[in-house]
Structures are given as structure tokens and as C-alpha cells.
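Remarks on the structure that follows.
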Amino acid sequence: MLKAGRLLFLALMVMTAALAVRAQELRPLSKGQTLYLPIYSHMLYGNLGKSGKVSSVLLSALVSIRNSDGKRPLRVLSARYFDTHGKLLGERVPVPVILPPLGTLELFVELNDVSGGSGANFIVRWEADTPINPPLLEALHANMDGGKAVIFMTQSVPVAE
């Protein structure tokens, strides 16, 4: 168990360092964007081998929409959740939500919600009255069951509408 804890700590440190490097990139100011965020409601692992089967682990996802602008608010217009096949599963922000400077909006996909599959995603639209620092949109995926932990993050990318 101690070895697993050390491995988890090491993995979190590597992820933190990688995110810190990416966070150093200066992004241009914007009045709005559409962002694509990958989500995994489960993850496959193992070997096909003789059995021809792989294992899977269920994952929850905490989606974090962070206004990185210290002076100006933004509006989250929508957060549509799609499954692996591109089918719309639902709208998680049915009415626009104003995020104050440095504010955060959190959305949650439960561990037992397998509807999205391993190729699920969010399409998030936001806007601002004036050009601002674009928000940071991430998902923290986790399953901490039975003394084992699977934890990783995904980040959004802007897409054309």
C-alpha cells in the first residue's frame, strides 16, 4: 500500500509540473469561445491476451470552468454533454451563468454514470462583454476504490463553431 501511495504522489507531481509548464503559455484575450473537453466515464486497461478481454474501471469527472481573468466576469452560455458516439446526453448549464473574476463553476459526472463512455465530451460555450483572459476548463477524473486510485486530468481545446 505504501508503494502505491508513493506512485500516486509521483504521478501527481509529474502532472502538476506538466500543467505548470502549459500554464506558462500566454493565451490571447477573447470575447468568447467554444471549447471541447474530453471526458472518460470509464477507462479500459490490461491485455487482450488469450482471454480476448480487457478490464475497465469506472470514473467520476469533476469539470471545472475557471474564470482566469482577475478583473472581468464571463458568461458560461452552455455546457452540452455528449457520449462516445456524438449523441447529446444533456445540457448541464440550462441558463447562462455569470462567473465573477477568478470565479469557478463546477459540473460533476457521477461514478455510476456510464452513459458517456470512454469517448464522452463537453462542448462549452462562453462569452464576455470585452476581451478577457480565456477561462481554464479542466476535468479531474477519479476512482479511489479498494485501496487503489486512478486520477488524471484532461484540458479543453478551442474549436470552431
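Computed from the coordinates by the stated procedures, all read-outs in this text should not be read as laboratory data. All values reported here derive from a predicted model rather than from experimental measurement. Note that we place each Cβ from the backbone using ideal geometry, even for glycine, and neighbour counts take in every protein chain shown.
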Suppose we keep only residues that are outside any strand (DSSP E or B) and aliphatic (A, V, I, L, M) within segment 109-155. Which one would you say is surrounded by the fewest Cβ atoms within 10 Å (Cβ to Cβ)? MET144
Scanning for something farther than 30 Å from LEU29 by Cβ, out of contact with any Lys or Arg (no Cβ under 7 Å at 6 or more places or on another chain) and of a type in the set (A, V, I, L, M), does segment 134-146 turn up at least one residue? yes
Give VAL114, VAL109 a once-over and let me know the one that is within 17 Å of LEU35 (Cβ to Cβ) and β-branched (Val, Ile, Thr). VAL109
Of the candidates LYS53, LYS71, LYS31, the one satisfying the condition of being on the phi < 0 side of the Ramachandran plot and free of Cβ contacts under 8 Å to residues at least 24 places away in the same chain is LYS53
Just to verify a result, which residue in segment 90-108, among those that are among the aliphatic types (A, V, I, L, M) and buried (at least 16 other Cβ atoms within 10 Å of the Cβ), is farthest from ARG75 (Cα to Cα)? LEU107
